[in-house]
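Data block below; observations after.
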Amino acid sequence: MPRTLVVKVGTSTLTDDQGRLDRAYLYEMAWQIAALRREGWRVVLVSSGAIRAGCERLGWTKRPQTIPLKQAAAAVGQGELIHAYTQAFGPAYPVAQVLLTRQDAADRVRYINARNTLSALLRCGCMPIVNENDTVAVDEIRFGDNDTLAALVASMVHADLLIILTDVPGFLDEQGEVIPRIETIDERIHRLAGSSGRDGSGGMVTKLVAAEIATTAGARTVIAPGRPTTVLLDVAGGRPVGTEFPACARRLRRRKHWILYGPQPAGALRVNALARAALVEGNKSLLPAGIVGVEGRFVAGDTVSLVDATGEVFARGIVNCDWREAQALMGAQTSDIARILGRTDLEEVIHRDNLVVFEEQETKEEGARGRPAV
């Protein structure tokens, strides 16, 4: 069975010192990917750089600050970027542009459609180039960075490996030395992540989020320097480069992974200690009796967070009722649901099959993962 690789390359890696799209670098990366394809790898490339390419084409020396101008630059730049990749890969590897928004990941049907499209492109031997659709996305529906997008794409295509290329040699410790392998994303690692990089929307914090998402989907993740001309070949070949986050020993089921990382929570349900124990230890559904508080205005089918008495968010799930109904059902017995709501089609607030407890992903062979960065 062919192995699948997702490569993410950011704006700061794609551009030269003058902020222009580095087309020579694109050719080098295309050469590496072609070599991996010949070795049997299936490859998806998640590429930033549309806004910067658009600015270059329009003759703008500074990145625009308003949303309409950013979207205009992206509209111009997407064409420039995909043309550059088409030239770099040549006729042997037909380039396919796939533009996604956060809504495509949040909606289950659209998520599956995107997954099916990517799978079909890989079967056809195409070279998928994925980017966020910046021409229509606003803050409320943006991934915010292509690190998160790349990790979700890795989950979609069942990737074996995610390589996040950046302009630093890897994840650095307090002395500025590369940490070669990170088993647990704990508070120290989060502190070390620091602030965003010099360009684009993502920094090391978003790369940790991406590592969390991808490793729980079963993809080994490596943060590596983008400029060495053989970095993709080295990482795919198992040679030590950058920082590795090993994949979880047991990946989350596809649907539960989507529940945890696809939709943004539309609200929260506060539950008592008995309900938490039933959910975490007993693999039970959430019943009205365990609910002590409702936050947000959600509808049936939305994803909500579950919060315990200490304020800790410990699970996520797809709710079977809206926020008004949840408020009406707080503390009620299951036998009273029909009387309270006036309908008989509701048996639980969240079914256990639509519930993900964060502890479910703590399955590293050599230690538990840290809390999910969600």
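Structure summary
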{"read-out": "Single match in Gly296, Gly194, Gly226 (criterion: modelled with pLDDT of 95 or more, over 16 Å from Asn354 (Cα atoms) and not basic (Lys, Arg))", "value": "Gly296"}
{"read-out": "Cys55, sole failed condition from (1) within 26 Å of the chain's Cα centre (by Cα); (2) buried (at least 23 other Cβ atoms within 10 Å of the Cβ)", "value": "(1)"}
{"read-out": "Within segment 261-283, tally of residues that are touching a residue at least 60 places away in the same chain (Cβ under 8 Å) and surrounded by fewer than 17 Cβ atoms within 10 Å (Cβ to Cβ)", "value": "2"}
{"read-out": "Single condition Tyr111 does not satisfy, out of (1) under 22 Å from the mean Cα position of the chain (by Cα); (2) surrounded by 22 or more Cβ atoms within 10 Å (Cβ to Cβ)", "value": "(2)"}
{"read-out": "From the options Ala249, Ala275, residue that is of a type in the set (A, V, I, L, M, F, W, C), more than 15 Å from the chain's Cα centre (by Cα) and part of a helix (DSSP H, G or I)", "value": "Ala275"}
{"read-out": "From Ala249, Ala214, residue being among the small types (Gly, Ala, Ser) and either closer than 24 Å to Leu100 by Cα or touching a Gly at 6+ places or on another chain (Cβ under 8 Å) (or both)", "value": "Ala214"}
{"read-out": "In segment 304-329, the residues that are in contact with a Leu (Cβ under 9 Å, 6 or more places away or on another chain) and of a type in the set (A, V, I, L, M)", "value": "Val304, Leu306, Val307, Val313, Ala315, Ile318, Val319, Ala326, Ala328, Leu329"}
{"read-out": "Evaluation of Arg102 against (1) closer than 28 Å to Pro225 by Cα; (2) at pLDDT 95 or above (one fails), failing number", "value": "(2)"}
{"read-out": "Failed criterion for Ile82 (all others in (1) among the hydrophobic types (A, V, I, L, M, F, W, C); (2) at pLDDT 95 or above; (3) in contact with a helix residue (DSSP H, G or I) (Cβ under 8 Å, 6 or more places away or on another chain); (4) within 17 Å of Val7 (Cβ to Cβ) hold)", "value": "(3)"}
{"read-out": "Lone unmet requirement of (1) farther than 19 Å from Pro246 by Cβ; (2) without any contact (Cβ under 8 Å) to a residue 40 or more places away in the chain; (3) touching a helix residue (DSSP H, G or I) at 6+ places or on another chain (Cβ under 9 Å) for Gln175", "value": "(3)"}
{"read-out": "Output for segment 252-272, where each listed residue is of a type in the set (Lys, Arg) and under 25 Å from the mean Cα position of the chain (by Cα)", "value": "Arg253, Arg254, Arg255, Lys256"}
{"read-out": "Leading residue by the ranking (surrounded by the most Cβ atoms within 10 Å (Cβ to Cβ)) among those in segment 288-299 that are in contact with a strand residue (DSSP E or B) (Cβ under 9 Å, 6 or more places away or on another chain), touching a residue at least 24 places away in the same chain (Cβ under 8 Å) and not β-branched (Val, Ile, Thr)", "value": "Phe298"}
{"read-out": "Within segment 235-254, tally of residues that are over 17 Å from Phe171 (Cβ atoms) and touching a residue at least 24 places away in the same chain (Cβ under 8 Å)", "value": "7"}
{"read-out": "Looking only at segment 5-25, and only at residues there that are of a type in the set (S, T, N, Q) and surrounded by fewer than 21 Cβ atoms within 10 Å (Cβ to Cβ), the one that is modelled with the highest pLDDT", "value": "Ser12"}
{"read-out": "Test for Ala120: is it more than 22 Å from the chain's Cα centre (by Cα) and either closer than 25 Å to Ala34 by Cβ or assigned to a helix (DSSP H, G or I) (or both)", "value": "no"}
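The values are calculated or read from the model by the stated rules, or taken from the named source; none is laboratory data. All values reported here derive from a predicted model rather than from experimental measurement. Counting neighbours? That spans all protein chains shown, and the Cβs are built from the backbone with ideal geometry, glycine included.
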